[in-house]
1. B:GLY39 versus (1) more than 9 Å from chain A (Cβ to nearest Cβ); (2) modelled with pLDDT under 90: which is the lone unmet condition?
2. State which residue is surrounded by the most Cβ atoms within 10 Å (Cβ to Cβ) when the search covers only the stretch A:146-171 and only residues that are without any contact (Cβ under 8 Å) to a residue 40 or more places away in the chain, within 12 Å of chain B (Cβ to nearest Cβ) and part of a helix (DSSP H, G or I).
3. In this structure, is A:GLY71 within 12 Å of chain B (Cβ to nearest Cβ), surrounded by fewer than 16 Cβ atoms within 10 Å (Cβ to Cβ) and at pLDDT below 95?
4. If B:PHE31 meets every condition in (1) farther than 24 Å from A:GLY46 by Cα; (2) modelled with pLDDT under 90 apart from one, which number is that one?
5. Determine whether the stretch A:105-125 contains at least one residue that is modelled with pLDDT under 90, within 11 Å of chain B (Cβ to nearest Cβ) and more than 16 Å from the chain's Cα centre (by Cα).
6. When you go through B:THR15, B:THR28 one by one, which is the residue that is of a type in the set (Ser, Thr, Tyr) and within 7 Å of chain A (Cβ to nearest Cβ)?
7. Looking at the stretch A:31-50, I want the residues that are within 10 Å of another protein chain (Cβ to nearest Cβ) and have a partner that is buried (at least 22 other Cβ atoms within 10 Å of the Cβ) and charged (D, E, K, R) with Cβ atoms under 8 Å, at least 6 apart or on another chain. Which pairs are those?
8. Just the residues that are in a loop (DSSP other than H, G, I, E, B) and not acidic (Asp, Glu), please, taken from the stretch A:5-27.
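The values are calculated or read from the model by the stated rules, or taken from the named source; none is laboratory data. As the structure is a prediction and not an experimental result, all values here were calculated from the model. Here the Cβ positions follow ideal geometry from the backbone for every residue, glycine too, while neighbour counts run over all protein chains shown.
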Amino acid sequence: MVNIDYINSDDPDLVRLSVKGDHKAFGEIIRRYEYMVARTVKGMLGDTQQAEDVGQEVFIRLYRNLKNFRGDSKLSTYIQRIAVNQSLNEIRKEKRFLSIFSRSDDSDDDREMNVQPLDNEKERDIKDYVNMAISRLEPSFRSVVILRSVQGYSTKETAEILDMPLGTVLSRLSRAKKQLKEILTDLD
Amino acid sequence: MKEEKMKDLFLQSLTDDLNPAQRDALDTKLFPSDGFNPGFRERVMKVVQGGSLLREKSKKHLERSLNSLFVRVSLAGAAAIIVLVLSLLLSQGSLSYDTLLGIDKNVDGMLVSLATD
């Protein structure tokens, strides 16, 4: 039996092994990208149990779709795309659920979904302010901000992950920046 | 780095490329990587392994069911053919093509008389 060095294997090898049913190879993929996925889904949904569930769903979907992964883009890009789409789906689901159980004038919008209230004034710091400001953005703006500022992708990479034109990403970033400036000023 | 500067750095990161030191400051102060709760990988693997095990089991179960169904249908079919042949043999006394096809020798004449009436 051949001993495989999973830690030093590259992504395409791990994908190939995972497709063949090697669970250790898939375990290594999770180890490599858990933190990346956590940043994205927590950025989109807040640090909640819901984010943890979506994180699990991201990897389960990845496993089920690995045989369709052609390797045209990097594995990290593919995973990021699943993470963003799953988070947006979760936001939509919650929005639908809330719209059923609340009056229309109550459901202002979904800007502050899953935001942990900052009860203790002393605990507020710049990290909380910035995360709260991000959570107040519309989901489509939130996703570009998370990929660009939180994950540090270039605008071109962000466009590739979101599968949208570069111009749309640049426009959303510009509008998001304007909104964030206003929100951060309001929070001060 | 002061909070106001961090805020500016965050806003700058939306439209400009940051240098490594700025990126590091942003990652440390604003977006530290916490990951998920402990045991996250094990929980996902449990679902993945359970799912593939379940698929394998259901595939085998389906194969067994189809095999068993095929044997039952083929046995029942063979028994029905034997019973049919025997009943024809007993009722007609022979096993000619006409008997097997259910054609009576008098059919032609009957049809002609029906048509002329």
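1. Unmet condition: (2).
2. Among those that are without any contact (Cβ under 8 Å) to a residue 40 or more places away in the chain, within 12 Å of chain B (Cβ to nearest Cβ) and part of a helix (DSSP H, G or I), it is A:SER149.
3. Working: within 12 Å of chain B (Cβ to nearest Cβ): no; surrounded by fewer than 16 Cβ atoms within 10 Å (Cβ to Cβ): yes; at pLDDT below 95: yes.
Considered against the rule, which asks whether it is within 12 Å of chain B (Cβ to nearest Cβ), surrounded by fewer than 16 Cβ atoms within 10 Å (Cβ to Cβ) and at pLDDT below 95, A:GLY71 comes out as no.
4. Failed condition: (1).
5. Yes: one or more hits.
6. Values: B:THR28 fails: within 7 Å of chain A (Cβ to nearest Cβ).
Within the list B:THR15, B:THR28, the selection yields B:THR15.
7. Close Cβ pairs satisfying both conditions: A:GLY43/A:ARG142.
8. Going residue by residue through the stretch A:5-27, those that are in a loop (DSSP other than H, G, I, E, B) are A:5-10, A:20-22.
Within the stretch A:5-27, A:TYR6, A:ILE7, A:ASN8, A:SER9, A:LYS20, A:GLY21 meet the criteria.
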